[in-house]
Amino acid sequence: MKAPARGEPLGSLLLNPGGPGGPGVGMAASTSTALLDSPVTEKFDLIGFDPRGVGASTPAIDCLTDEELDNGGPDVFPSASVGGKWTEHDTRTLVERCAERSGGEDVLTHVGTRDAARDMDVLRAALGDEKLSFLGQSYGTRLGAVYAEMFPRNVRAMVLDGAVDPRLGTAERRISQFTSFQRAFDAMATDCATRPECPLGTDPVAAAVNLQKVISPLIDQPIPAGAGRQLTYNLAIGGVIVGLYDSAAWPAITRAITEVGTGRGDIFLALNDVFAQRTPDGRWPNFNEALYAINCMDEQRHTPEQETELRREIHRVAPFMNPGRGADGARDGCESWSAAPTLDYPYATDIEGLPATLTISITGDPTTPYEGGISLANALGGSMLTVEGERHTIASAGTSRCVDDIVAAYLIDLKTPPVQARCAV
């Protein structure tokens, strides 16, 4: 999708919203609206695209029906951060199901970030741009960094917002991520404790225990959540995590916890649905399936013992995730994948010929910790903007004049911010 420049365009600005697995076509429309008065939308044609395997791209990764996704589909994808116990048979069956519904194993083994970066260079050329201008958020910073590594001399400008750390392996990054989610949970619990009838109690130190008292019974007994659907434990934890992405959603978390105490799970289910972009009539995009498949080609593989240890460590650094039932049963959902990962760690190192990039990192980002932005900026030898706040990504939101001005100056005039530049939201 192209949202044409409001004036004479300098060229195209390719956009990626993250995931992996997030459909990007609509990001052209949403960004053009959010930045309606920005010089960026005046000077650039905004280009949204669905990476291979994602959204409207064909063949698309498809593992489950809409009905199966409605009935606890996310519980099917094994990982250390998801509660449950899986077997080798479970992981093998999942891969076979995805291959059958997605067009074969060849499709599954060519959806990694390196494949998507090559596609992005084809798209750049098809658009007639000699050099790439790119704005990537969250996982999009990985896509941008890998493109920069593979095609450094084809880069004009690159804004990387909510950085994935290129120097951390899979386990180290997950631990860092859930440490950051715990920090966000603690901040939310502290805010909640100042308000009447806080379901987490008046002592933030006890908030994780109090959360689990409410939601851990869902492991054995899910509760109704409307339209014949149920709220499981994993969906409740998923709803908490979704709400931690932005401090504006903290009240929704506390309302959802209170509602679970009454025997209903509608709010938590709605948080998950909005995040996954499920439509009101019950249609699911392939976000979860594509995320699974792309990560299988990007992430390091773990033995069951390594995955169990990772779950144990996640429970230690993020006690709000710990239902108190031990770490046994964790498994790497990619263990039966038919091809080895194609992304090594660290990546995007020792790049020659790359122009100045701009990395944006938010101090209270719950899912891509602030330190990851420092690491990415150093790896690329580029500039960095620090943003004080409690949210995940900001560059395409149009909510900070300070951020928008710095991004516009960089994208249009290639002017990087001064060292130690800061904004606040």
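The values are calculated or read from the model by the stated rules, or taken from the named source; none is laboratory data. Here the structure is a predicted model, which is why all the values come from computation and not from measurement. Every residue, glycine among them, receives a Cβ derived from its backbone with ideal geometry; neighbour counts consider all protein chains shown. Heavy atoms of the whole protein, side chains included, go into the accessibility calculation; ligands, DNA and RNA do not. Shrake-Rupley method; radii C 1.70, N 1.55, O 1.52, S 1.80 Å.
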query: Which of the residues that make up the range 184-198 are assigned to a helix (DSSP H, G or I) and either among the aliphatic types (A, V, I, L, M) or in contact (Cβ under 8 Å) with a residue 40 or more places away in the chain (or both)?
result: ALA184, PHE185, ALA187, MET188, ALA189, ASP191, CYS192, ALA193
- prompt: Going by the structure shown, is ARG283 surrounded by fewer than 24 Cβ atoms within 10 Å (Cβ to Cβ), in contact (Cβ under 8 Å) with a residue 12 or more places away in the chain and part of a loop (DSSP other than H, G, I, E, B)?
  reply: yes
query: Taking PRO17, is it touching a strand residue (DSSP E or B) at 6+ places or on another chain (Cβ under 9 Å), surrounded by fewer than 17 Cβ atoms within 10 Å (Cβ to Cβ) and not β-branched (Val, Ile, Thr)?
result: no
Subset of the range 38-67 (residues that are closer than 24 Å to HIS110 by Cβ, open to solvent by 50 Å² or more (accessible area, probe 1.4 Å) and not charged (D, E, K, R)): ALA56, THR58, PRO59
query: Counting only residues that are touching a residue at least 40 places away in the same chain (Cβ under 8 Å) and either surrounded by 22 or more Cβ atoms within 10 Å (Cβ to Cβ) or assigned to a strand (DSSP E or B) (or both), how many does the range 146-161 have?
result: 9
task: Show the residue pairs that are 6+ apart or on different chains and have beta-carbon atoms under 8 Å apart, the first residue being within the range 166-179 and under 12 Å from GLY372 (Cβ atoms), the second being among the β-branched types (Val, Ile, Thr) and buried (at least 16 other Cβ atoms within 10 Å of the Cβ).
output: ARG173/VAL164; GLN177/THR367; GLN177/THR368; THR179/VAL317
statement: Residue pairs within 8 Å by beta carbon, gap of at least six or interchain, first lying in the range 109-126 and under 19 Å from LEU46 (Cβ atoms), second among the polar types (S, T, N, Q) and open to solvent by less than 30 Å² (accessible area, probe 1.4 Å), listed first then second, are ARG124/SER12
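Residue by residue, here is whether (1) touching a Pro at 6+ places or on another chain (Cβ under 7 Å); (2) in contact (Cβ under 8 Å) with a residue 12 or more places away in the chain; (3) open to solvent by less than 30 Å² (accessible area, probe 1.4 Å); (4) not charged (D, E, K, R) holds:
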{"position": "ARG229", "(1), (2), (3), (4)": "no, yes, yes, no"}
{"position": "ALA236", "(1), (2), (3), (4)": "no, yes, yes, yes"}
{"position": "TYR245", "(1), (2), (3), (4)": "yes, yes, no, yes"}
{"position": "ALA252", "(1), (2), (3), (4)": "no, yes, yes, yes"}
{"position": "ILE257", "(1), (2), (3), (4)": "yes, yes, yes, yes"}
{"position": "THR262", "(1), (2), (3), (4)": "no, no, no, yes"}
task: Kindly establish whether THR141 is under 30 Å from PRO319 (Cβ atoms), under 14 Å from the mean Cα position of the chain (by Cα) and among the polar types (S, T, N, Q).
output: yes
query: Could you say which residue among ASP273, ASP344 is outside any helix (DSSP H, G or I) and either without any contact (Cβ under 8 Å) to a residue 60 or more places away in the chain or closer than 26 Å to ILE241 by Cα (or both)?
result: ASP344
task: For the range 31-55, enumerate the residues that are in contact with a strand residue (DSSP E or B) (Cβ under 8 Å, 6 or more places away or on another chain) and among the small types (Gly, Ala, Ser).
output: SER32, GLY48
message: Please go through (1) of a type outside the set (Asp, Glu); (2) under 29 Å from THR303 (Cβ atoms); (3) open to solvent by less than 50 Å² (accessible area, probe 1.4 Å); (4) assigned to a helix (DSSP H, G or I) for VAL164 and return the number of the only condition it doesn't satisfy.
response: (4)
